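The values are calculated or read from the model by the stated rules, or taken from the named source; none is laboratory data. Just so you know, these numbers come straight off a predicted model, no measurement behind them. Ideal geometry is used to build each Cβ from the backbone, glycine not excepted, and the neighbour counts take in all protein chains shown. Calculation scope for accessible area: heavy atoms of the full protein, side chains included, ligands and nucleic acids excluded. Shrake-Rupley method; radii C 1.70, N 1.55, O 1.52, S 1.80 Å.
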Amino acid sequence: TIVLITFSGCGDFEDGPGFSLRTKRGRLSNIWIISEVYKNDTLQLTGYVDTFTVEFDRDGEFVYTEIENNNGLLVNVNYPGAWDFVEVDDEERLALIFDGTSPLGAQVIIWRILRLANDELFVEYAEPDGDIIEIDFIPAS
């Protein structure tokens, strides 16, 4: 007797992973820090790493935190919102929905997910001027 077991739905993103026992929601639920940022495929060396975190919970809420320099005093500014996976152009993407209570005002940002693993989250988006930004996150702890 031959038993064949197949798994599907794990290779949803360009850079993987090819297989995971954790759900996408489970893999995303974490506190993430920026490890690298690329602008048009060029590594950006200043201004990003150690200044931003984003925390996603399983219930579809997130908090994006930016560390700002306010006259020499470092302050955390929180941008809360909701998140969900959405399909755009036959690709699964991550929608960040900021409500009117956020300092950013009400807006929706769509990230293309390149990789979503337990220890890596790679996303990209296009800026209004056409520049392509890739953000590579790692878990905060």
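Please specify each residue of region 71-85 satisfying the condition of being open to solvent by less than 90 Å² (accessible area, probe 1.4 Å), more than 28 Å from R58 (Cβ to Cβ) and part of a strand (DSSP E or B). Don't jump to the end; show me each part of the working.
Applying the first criterion (open to solvent by less than 90 Å² (accessible area, probe 1.4 Å)) to region 71-85 yields 72, 75, 77-85.
Pick out the ones that are also more than 28 Å from R58 (Cβ to Cβ) and you get 72, 75.
Across region 71-85, the qualifying residue is only V75.
Can you say whether G47 is of a type outside the set (F, W, Y), at pLDDT below 70 and assigned to a loop (DSSP other than H, G, I, E, B), as far as the supplied structure shows?
Details: of a type outside the set (F, W, Y): yes; at pLDDT below 70: no; assigned to a loop (DSSP other than H, G, I, E, B): yes.
Here the answer is no, as G47 does not meet what is asked.
Which one of the conditions (1) touching a helix residue (DSSP H, G or I) at 6+ places or on another chain (Cβ under 7 Å); (2) hydrophobic (A, V, I, L, M, F, W, C); (3) open to solvent by 70 Å² or more (accessible area, probe 1.4 Å) does L104 fail to meet, given that it meets all the rest?
(1)
With respect to S102, is the statement that it is touching a Gly at 6+ places or on another chain (Cβ under 7 Å), at negative phi, of a type in the set (G, A, S) and part of a loop (DSSP other than H, G, I, E, B) true?
Details: touching a Gly at 6+ places or on another chain (Cβ under 7 Å): yes; at negative phi: yes; of a type in the set (G, A, S): yes; part of a loop (DSSP other than H, G, I, E, B): yes.
Yes: the conditions hold for S102.
Select from region 105-131 the residues that are touching a residue at least 40 places away in the same chain (Cβ under 8 Å) and assigned to a loop (DSSP other than H, G, I, E, B) and write down the one among them that is farthest from Y48 (Cα to Cα).
N118
Which one of these is more than 17 Å from I33 (Cβ to Cβ), modelled with pLDDT of 95 or more and open to solvent by 70 Å² or more (accessible area, probe 1.4 Å): D129, D119, D90? Please lay out each step first, then the result.
Working: D119 fails: more than 17 Å from I33 (Cβ to Cβ); D90 fails: modelled with pLDDT of 95 or more.
Just one listed residue meets the conditions, D129.
Quick check on this structure: which one of E66, E134 is acidic (D, E), part of a strand (DSSP E or B) and without any contact (Cβ under 8 Å) to a residue 60 or more places away in the chain?
Working: E134 fails: without any contact (Cβ under 8 Å) to a residue 60 or more places away in the chain.
Unique residue meeting the criteria: E66.
Output the number of residues of region 35-65 satisfying the condition of being of a type in the set (D, E) and surrounded by 15 or more Cβ atoms within 10 Å (Cβ to Cβ). Spell out the reasoning first.
Keep residues of region 35-65 that are of a type in the set (D, E), which gives 36, 41, 50, 55, 57, 59, 61.
Retained after the next criterion (residues that are surrounded by 15 or more Cβ atoms within 10 Å (Cβ to Cβ)): 36, 55.
Within region 35-65, residues that are of a type in the set (D, E) and surrounded by 15 or more Cβ atoms within 10 Å (Cβ to Cβ) number 2.
Conditions first: (1) open to solvent by less than 40 Å² (accessible area, probe 1.4 Å); (2) free of Cβ contacts under 8 Å to residues at least 24 places away in the same chain; (3) not β-branched (V, I, T). G26 passes all but one, so which condition is the exception?
(2)
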